[in-house]
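Structure first, commentary second.
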Amino acid sequence: MSQALIRHLRLFCASPNVPPVRQQDGVLAVAGVLERAGRARLLLVDMERWGRNPGASVTNAVDQLAPAAHRYLIGGFGIALADTQIVELDGSGAFDLVCGLGDGCGLSHRPLCGADRGVRHRSREAFIAATGAMGHAMLQRAEAVGKGEWAGVEG
């Protein structure tokens, strides 16, 4: 399997109805892309996990945040938003799968379930079980950025 490219971007969303602004705290978007496989994952993290969240939460503004994060981080690879697995990590540490139900009502949140019955739903372990090494790398990036340890440029 090819190596995953991990990218991140901070997005500020003043309200659920306005387009997000780049490079300001509010929500951290972390993308994992396997370009050769045409697969991508997008993790949207409320920055309140690290005491840094002046913007609207992922839950409230997901219809604005997911397309913007996808466009900036994944769009250039030719992978459609519909072909991207999107997961929210909220301030309480719970992981939810974000998906469209095809009903025209926008994106919806569903509890992320682990493939193994011994894994607690919505947990870090469920996320890693569902996403493998790419998900683990995405979480490491999110935690480093959130704690201010990432010295690199966004993207």
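The values are calculated or read from the model by the stated rules, or taken from the named source; none is laboratory data. Just so you know, these numbers come straight off a predicted model, no measurement behind them. Cβ sites come from the backbone with ideal geometry, for glycine too, and all protein chains shown count toward neighbours. SASA here: full protein model, heavy atoms, side chains in, ligands and nucleic acids out. Shrake-Rupley method; radii C 1.70, N 1.55, O 1.52, S 1.80 Å.
Structural remarks
- Shape analysis of the chain yields a ratio of the Cα radius of gyration to the Kirkwood radius, Rg/Rh, of 0.93.
- Whole-percent P(r), segment 55-106, all Cα pairs, 10 Å bins from 0: 21, 55, 23, 0.
- Solvent-accessible area per residue in the chain equals 50 Å², computed with a 1.4 angstrom probe and all protein chains kept.
- Positive-end ranking of L73, G132, L11 along the dipole of the chain, with charges on Cβ about the Cα centre, is headed by G132.
- Taking a Cβ cut-off of under 11 Å around D83, the surrounding Lys, Arg, Asp and Glu residues balance to a net charge of +2, with basic ones at +1 and acidic ones at -1.
- Cα-derived Rg to Rh of segment 1-93, Kirkwood definition: 0.98
- Rounded accessible area of E48 (nearest 10 Å², 1.4 Å probe): 100 Å²
- The distance between label points at H136 and R71 comes to 3.5 nm (points 7 Å beyond Cα on the Cα→Cβ vector).
- Carbon + sulfur, % of accessible area of the chain - ligands and nucleic acids excluded, 1.4 Å: 48 percent
- Peptides 11-18, 103-110 ordered by average Cβ neighbours within 10 Å, highest first: 11-18, 103-110
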